[in-house]
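K.L.:
Can you read through this structure? Questions will come right after.
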Amino acid sequence: SKHSVAILYIATGRYTIFWDHFYKSAEKYLLPDCDKHYILFTDSDDLIDSFKTQSDQVIALKKEAMEWPFCTLMRFRFFLDAENIIKQHDFVFFFNANTEFLSTITQYDLLPLGSHENLTLCLQPHMFHRNREKYTYDRNPKSTAYIAYGEGKYYFTGALNGGKSEAFLDLCHTLYNNTQSDLKQDIIALWHDESHLNKFALGREDIKILPPYFTRGEREYWKKTSKLMFSDKSHYRFGGHAYLRNET
Ligand code: UDP
């Protein structure tokens, strides 16, 4: 039988503008060989209402909008709030809100199906070719996301990640606890959830690693092999980056 996959998607505040692009392209290209179920975290009553009639493939959970960077840092709390739903699926994946799929992604492309694999992470496309001393890991020894110079082999993006449900929920528990103990000390890791993700991945051997050009920016047309793009948040059709983050 087909693998069942939960797809996690956060769109609070003005980021709800991305949902339709994401959903339409996912239905066309994402894991056509799997059973897909979407879990949408949003503060938009309009969006939530639209699913009451439209679809039982989408579960929308109401979440209050938070200021930057809490809207991204608190993702692990959101995901844990859906723990019982996630557990009903074999695999679970998160995608940034501005994701648009460009060509077919099969289970063999994305899922950690190898015998030693539990999680799938993707190399950050602007970091992989750099000297690892330049990786933007969190370098504050007081943070639970701290990685010392000389450590770490890869720099993973926070924009796309997932895995077997049990392994991903384990990640969420650990990283929620880590972000909370940082916050108690007034610490926020340099790149928020991404810094914590990289700490979690440090030294692990059970990660399926997606190549850096698996994803591209909207305008990076020369990356012909990319299967998904992150649409340009500063594009006028979305109102500009500051507008999106509610800074104007
Ligand atoms: N996000 C959101 N509302 C906001 C800001 C962020 O829902 O006002 C979520 C959304 O899922 C987004 C993710 O947090 O994709 C990461 O934020 P963003 O894409 O702005 O981070 P960047 O990739 O620019 O670091």
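K.L.:
Could you list all residues from the range 100-120 that are hydrophobic (A, V, I, L, M, F, W, C) and either in contact with a Gly (Cβ under 9 Å, 6 or more places away or on another chain) or part of a helix (DSSP H, G or I) (or both)?
P.N.:
Leu110, Leu111, Leu119
K.L.:
Every residue in the range 183-214 that is farther than 14 Å from Thr72 by Cβ, buried (at least 20 other Cβ atoms within 10 Å of the Cβ) and touching a Lys or Arg at 6+ places or on another chain (Cβ under 8 Å), please.
P.N.:
Selection gives Phe214 alone.
Matching residues to (1) more than 26 Å from Gly239 (Cα to Cα); (2) surrounded by fewer than 17 Cβ atoms within 10 Å (Cβ to Cβ):
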| site | (1), (2) |
| --- | --- |
| Ser1 | yes, yes |
| Thr12 | no, no |
| Trp19 | no, no |
| Glu27 | no, yes |
| His37 | yes, no |
| Leu40 | no, no |
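K.L.:
So which helices (runs of 4 or more DSSP H) stay within the range 34-99 end to end and still have 1 or more residues that are within 13 Å of Ile7 (Cα to Cα)?
P.N.:
75-81, 83-86
K.L.:
In the range 46-58, how many are at pLDDT 90 or above and over 13 Å from Ala11 (Cα atoms)?
P.N.:
Number of matching residues: 3.
K.L.:
Taking the condition of a type in the set (Gly, Ala, Ser) and surrounded by 18 or more Cβ atoms within 10 Å (Cβ to Cβ), does Ser44 pass?
P.N.:
When the stated conditions are applied, Ser44 passes them.
K.L.:
What pairs come up if the first residue lies in the range 172-184 and is farther than 16 Å from Phe70 by Cβ, the second is of a type in the set (Ser, Thr, Tyr) and in a helix (DSSP H, G or I), and their beta carbons are under 7 Å apart, counting only those six or more places apart or on different chains?
P.N.:
No pair meets every condition.
K.L.:
Right, another one. Pairs, please: C-beta under 6 Å, at least 6 apart or cross-chain, first residue away from the ligand (no atom under 16 Å from the Cβ) and in the range 99-110, second part of a strand (DSSP E or B) and of a type in the set (A, V, I, L, M, F, W, C)?
P.N.:
The qualifying pairs are Leu102/Leu228; Leu102/Met229; Ile105/Leu30.
K.L.:
Please give the number of the condition Asn140 fails out of (1) in contact with a His (Cβ under 8 Å, 6 or more places away or on another chain); (2) surrounded by fewer than 18 Cβ atoms within 10 Å (Cβ to Cβ); (3) under 16 Å from His196 (Cβ atoms); (4) among the polar types (S, T, N, Q).
P.N.:
Going through (1) in contact with a His (Cβ under 8 Å, 6 or more places away or on another chain); (2) surrounded by fewer than 18 Cβ atoms within 10 Å (Cβ to Cβ); (3) under 16 Å from His196 (Cβ atoms); (4) among the polar types (S, T, N, Q) one by one, Asn140 breaks only (1).
K.L.:
From the residues in the range 24-65 that are under 16 Å from Val92 (Cα atoms), touching a residue at least 24 places away in the same chain (Cβ under 8 Å) and not aliphatic (A, V, I, L, M), which one is farthest from the ligand (Cβ to nearest atom)?
P.N.:
Here the residue is Asp33.
K.L.:
If you don't mind, another one. Show me the strands (runs of 3 or more DSSP E) entirely contained within the range 159-246 in which 1 or more residues are within 13 Å of the ligand (Cβ to nearest atom) and of a type outside the set (Val, Ile, Thr).
P.N.:
Those strands (runs of 3 or more DSSP E) span 215-217, 228-230.
K.L.:
Can you say whether Gly158 is of a type in the set (Gly, Ala, Ser) and farther than 21 Å from Ile187 by Cα, as far as the supplied structure shows?
P.N.:
no
The values are calculated or read from the model by the stated rules, or taken from the named source; none is laboratory data. No experiment lies behind these values; they were computed from the predicted model shown. Because the Cβ atoms are built from the backbone with ideal geometry, glycine has one as well, and the counts that use them run over all protein chains shown.
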